[in-house]
Amino acid sequence: MEVSVGDVVMPGDTVKDITTITKKETIILGPGLRREADTVYAYKAGVLRKTEPAVYYVDSYQKRYVPNRGEHVVGIVTQKSSDIFKVDIGASEQASLSYLAFEGATKKNRPDIQVGDLVFAKLLVASKDMEPELVCVDSHGKEKKLGILSSDGMLFTCSLSLIRKILNRNSPLFNMLARSQAFEVAAGMNGRVWVKARTIQETIAIATAILAAEYAPLSGIKKLCSDIEKTLLLTQSGNVE
Amino acid sequence: MDTSEETSQSEYILRPMNCELNQLSMPDGSAMLMQGNTAVIAGIYGPVEAKPQKMIYDKASIEVSYSPIKGPTKVDDRMTEMYIKETCEAAIIVTFHPASAICINVQELEDSGGMLGCTINAACLALINAGIPMKFTFAAVNCMIQEDNEDIILDPDSIQLQEAKAEFTFAFDSMDKNVICCYTTGCFTETEFLKAMDRCKQASQYVFDFYRNLVKKYANVI
Amino acid sequence: MKEVLLTNCEKNFVNKSVEQGTRLDGRSLLEARNVKIYFGSNWGSCMVLLGQTRVVAQVTCDIHQPKTSRPNEGMLHINVELNPMAAQHFDNARQSEVSILISRQLEKCYQDSKCIDLESLCIIADKKVWNLRVDINVINHDGNLIDCASIATLAALSHFHRPDVTSNGEDIIVHPFSEKDPLPLVLYHYPVCVSFITYESGSTVMDPTYLEERVGVAQLTLGINSYRELCSLHFNYLTKTMTVEDVISAVSSYATNYAVQLVQQIREAVNYDVEARYKKDDRNTNRFKECIMTKKLTTMNSECISIKLRKWSEIKNIESDVDMEKKEEKTENCTIIKPGIGSAELISNTNISFGEGGPNTWNVSDSSEEEISEVEITTIIKKGENKIIENIDLNGDSEEENIEILETKDLMQ
């Protein structure tokens, strides 16, 4: 079946718009689309979208992460060997993180990471044929926001589409929550989110807000945040009494 | 083949189909499908790490497990697994995830006729929910030939199947409606086989429309 | 696949929150999740949802010879399968420790406690008895598999009806459901399992989720029936710990109250469904269909689809097939040879054929009279099989320079 931008596509559908464009323009096919000779087929089910100037992709629902270069992920350290950490990022293969990929790390000055710790890292190498590689520094050698996440927070998983939704620049969720709560959040593109707030209840409240945002439309997010605020105030006043 | 002389149409009924996607929290994709009273639940993990013995260096290995509701797994269940595996291998783009495994698990909840067709459809829905790359979607349709009057009945239930002379299950792909899986029991002539296949081919369009409507429902929101 | 490693972060958080008396899903420490029970169309088949944990149970029966030690009792066998879809680390290959643990717990609770009247399952003493088999399949693991499996077992056993049997002397007649109404099982009491997890700090939690189970330090499972009697008890430490806590006395009253309430809920659900079946009422809300029939985004329901299909005309197709055949013959100059009944070979008529071999020279005398018109027998080429090799002339072609033919008399010397 032929589909165009904005339609719901199923695997096997051909994309009409792309085939008619002249060969001079370069068209970038994002996730969900593949090319076979002169036709472009969709291989995932979802909504076909386009970003300017000529990037087409399929917005689909998925829970399992497939590594992509340059994405930030939250990983769990599973093994420590002589010069690398093995990190579980929720993909089909475990990623490797070198000891030296931290700010100020030298052969003598190793980072203090134990098995079971959480790291917020960037994928340096990620292809379907190779083991993924992580780094906790950017190209200038600065840590910025990457590195170990403290064990005081809470980790939970959610779908990849939710992560993309909340990390979108246009999403009001974090801004609205930040008006009344103080919290730290690290959202990895692999569906894992680490949250830390002042008290246990607040942390659970923030986590619930993020998970509830999956099914909430943009207009509903404001209401969601105010509901969370009210519930927190109630529990806090209940505790005080 | 031209069909200009076929103006007469005959009415057939497919059993009501009910489906829910993403019902289970643990698998990457899941679907519970009911066709009439036949109910099946499918759960998929993938792509995940493959076991070293089963790892293929340039493709994803597909592992299927079918659990019946009564008793331990028997040889017939392994045969069902084989049919599901071959149908899925035709549809999944295995080169996108080399050296990994895609685990398809199907649990029978109730068998009221047309089990193989229902499991194949549930597997397809679960694959769509899991976001596994596929060349096309596939749909299976069952039909049977009645003993006495040689009528073809589409999507029979267990009561109708008791008077069957032969039973067929065909799975078709969504692009060209080619047959990707074919299972038959009983005796039938070549004409009957081709007739049944043609009926099922036409009926499969309804199953594809069902899939599409389901995806349309949630795609814009989630 | 291996289980995802438990992070220090999650461990700390769960321990801290339990110390403060809160749980991740907002329940109180000794509060259990909602239980939903759905029944299938067959007797004794049910699906139980305990929060997100999902278990399917099916009870079946057949006739066997009884055990020699108990000649007038039926048999009950409980089998627990952890479907690989329930969790990433469940493997179909071998029975894991978890599934054996659950099987054993359920056996203790249901078989050893004698909750079913096995004597009523006897048909002819020492020869034929009913053998009940309960198959439990876990399809989603979100903690507390034992409780969920026990609820499913109890619901399935209470729901199950066996065929009626009449015996006239030696023979027995098993009546199908259409002839005689099936009979329910006789249950003396209704036990159910209730589980608790204790943490490092000493606090105990009821009905743990998957994460809470992993963080806990000790596990306690009590099998309690509706008469507030203890049917089974299981306690074990999950990890090495120094915590010592008298869990049993702390939670036993909560457990008993919860068990009584749970058994009542199960019995109500079963009775409601059984009555609805007898009245042939289709409007009940307990069937599998109801599990899906919610107005969720991810569900799709369709009524009976009535479709019109065009008729497939048989004659037309055969004619077109024949046309195609004829076309083939004209262009490629081929004929179809039938060497025997039920087989055919397409052979090119051209004399020049490289690498394709010659025409079929097999004897076609097996084919019947009617088929001769369709069979084109090519000329039977006489091969040299009839020649008897009389003289072997080794000169010329042989690679050896000197050839000597040895006679036997030469060798004997």
Matching residues in the range B:109-152 - criterion: being acidic (Asp, Glu) and over 24 Å from C:ASN42 (Cα atoms): B:GLU147, B:ASP148, B:GLU150, B:ASP151
Residue that is on the phi < 0 side of the Ramachandran plot, free of Cβ contacts under 8 Å to residues at least 40 places away in the same chain and open to solvent by 60 Å² or more (accessible area, probe 1.4 Å), where the choices are A:LEU124, A:LEU100: A:LEU100
Matching option when the condition is touching a Leu at 6+ places or on another chain (Cβ under 8 Å), on the phi < 0 side of the Ramachandran plot and crowded, with 19+ Cβ neighbours inside 10 Å, among C:VAL48, C:VAL14: C:VAL14
Strands (runs of 3 or more DSSP E) within the range C:128-246 that include 3 or more residues more than 18 Å from C:VAL35 (Cβ to Cβ) and in contact with a strand residue (DSSP E or B) (Cβ under 9 Å, 6 or more places away or on another chain): C:128-140, C:165-168, C:171-174, C:218-225, C:230-237
Residues being assigned to a loop (DSSP other than H, G, I, E, B) and open to solvent by less than 20 Å² (accessible area, probe 1.4 Å) - total across the range A:75-89: 1
The listed residue being under 19 Å from the mean Cα position of the chain (by Cα), modelled with pLDDT of 90 or more and aliphatic (A, V, I, L, M), out of A:ALA187, A:ALA216: A:ALA187
Given (1) surrounded by fewer than 20 Cβ atoms within 10 Å (Cβ to Cβ); (2) outside any loop (DSSP other than H, G, I, E, B), number of the condition A:ARG69 does not satisfy: (2)
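Okay, residues lined up against (1) away from chain B (no Cβ under 14 Å); (2) on the phi > 0 side of the Ramachandran plot; (3) modelled with pLDDT of 90 or more:
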position: A:GLU71; (1), (2), (3): yes, no, yes
position: A:THR78; (1), (2), (3): no, no, yes
position: A:SER82; (1), (2), (3): yes, no, no
position: A:PHE85; (1), (2), (3): yes, no, yes
position: A:ALA91; (1), (2), (3): no, no, yes
position: A:LYS107; (1), (2), (3): yes, no, no
position: A:SER139; (1), (2), (3): yes, no, no
Subset of the range B:136-166 [among the hydroxyl-bearing types (Ser, Thr, Tyr) and within 23 Å of B:ASP209 (Cα to Cα)]: B:THR137
Test: residue in the range A:170-183 that is in contact (Cβ under 8 Å) with a residue 12 or more places away in the chain, touching a strand residue (DSSP E or B) at 6+ places or on another chain (Cβ under 7 Å), open to solvent by 80 Å² or more (accessible area, probe 1.4 Å) and not assigned by TED's automatic domain parsing to the domain that holds A:PHE85: no
Test: residue in the range B:172-189 that is crowded, with 16+ Cβ neighbours inside 10 Å, among the small types (Gly, Ala, Ser), within 11 Å of chain C (Cβ to nearest Cβ) and in contact (Cβ under 8 Å) with a residue 12 or more places away in the chain: no
Selected residue (criterion: nearest to A:GLY153 (Cα to Cα)) from residues of the range A:187-240 that are within 11 Å of chain C (Cβ to nearest Cβ) and in contact (Cβ under 8 Å) with a residue 60 or more places away in the chain: A:TRP194
Only one of A:VAL40, A:VAL9, A:VAL55 that is among the aliphatic types (A, V, I, L, M) and touching a residue at least 40 places away in the same chain (Cβ under 8 Å): A:VAL9
Of the criteria (1) in contact (Cβ under 8 Å) with a residue 40 or more places away in the chain; (2) within 14 Å of another protein chain (Cβ to nearest Cβ); (3) of a type in the set (Asp, Glu), which one A:GLU143 fails: (2)
Enumeration of residues in the range B:38-59 that are farther than 21 Å from A:TYR65 by Cα and in contact with a helix residue (DSSP H, G or I) (Cβ under 8 Å, 6 or more places away or on another chain): B:THR38, B:ALA39, B:VAL40, B:ILE41
Complete set of residues in the range A:137-170 that are outside any strand (DSSP E or B) and more than 16 Å from the chain's Cα centre (by Cα): A:VAL137, A:ASP138, A:SER139, A:HIS140, A:GLY141, A:LYS142, A:GLU143, A:LYS144, A:SER150, A:SER151, A:ASP152, A:GLY153
Some residue of the range B:139-159 being touching a residue at least 12 places away in the same chain (Cβ under 8 Å), buried (at least 21 other Cβ atoms within 10 Å of the Cβ) and within 14 Å of chain A (Cβ to nearest Cβ): yes
Any hit, the range C:197-212, residues being in contact with a helix residue (DSSP H, G or I) (Cβ under 7 Å, 6 or more places away or on another chain) and within 14 Å of chain B (Cβ to nearest Cβ): yes
Those residues of the range C:59-88 which are closer than 30 Å to B:GLU81 by Cα and touching a His at 6+ places or on another chain (Cβ under 9 Å), in sequence order: C:VAL59, C:LEU82, C:ALA86, C:ALA87
Strands (runs of 3 or more DSSP E) contained in the range A:1-58 and holding at least 3 residues open to solvent by less than 20 Å² (accessible area, probe 1.4 Å), more than 14 Å from every other protein chain (Cβ to nearest Cβ) and at pLDDT 85 or above: none
Check on C:ILE146, aliphatic (A, V, I, L, M) and surrounded by 21 or more Cβ atoms within 10 Å (Cβ to Cβ): yes
Selected residue (criterion: nearest to the other protein chains (Cβ to nearest Cβ)) from residues of the range A:109-135 that are of a type in the set (Val, Ile, Thr) and out of contact with any Asp or Glu (no Cβ under 6 Å at 6 or more places or on another chain): A:VAL115
Long-range neighbours under 6 Å by Cβ, at least six apart or interchain, first residue assigned by TED's automatic domain parsing to the domain that holds C:LEU187 and farther than 16 Å from C:ASN42 by Cα within the range C:52-76, second in a loop (DSSP other than H, G, I, E, B) and hydrophobic (A, V, I, L, M, F, W, C): C:PRO71/C:ALA125; C:ASN72/C:ALA125
Qualifying residue in the range C:108-128 (condition: hydrophobic (A, V, I, L, M, F, W, C), under 20 Å from C:GLN219 (Cβ atoms) and either surrounded by 22 or more Cβ atoms within 10 Å (Cβ to Cβ) or over 22 Å from the mean Cα position of the chain (by Cα) (or both)): yes
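The values are calculated or read from the model by the stated rules, or taken from the named source; none is laboratory data. If you're wondering where the values come from, they're calculated on a predicted model, not measured in any experiment. No Cβ is skipped: glycine too gets one built from the backbone with ideal geometry, and neighbour counts run over all protein chains shown. These accessible areas exclude ligands, DNA and RNA; they are computed on the full protein's heavy atoms, side chains included. Shrake-Rupley method; radii C 1.70, N 1.55, O 1.52, S 1.80 Å.
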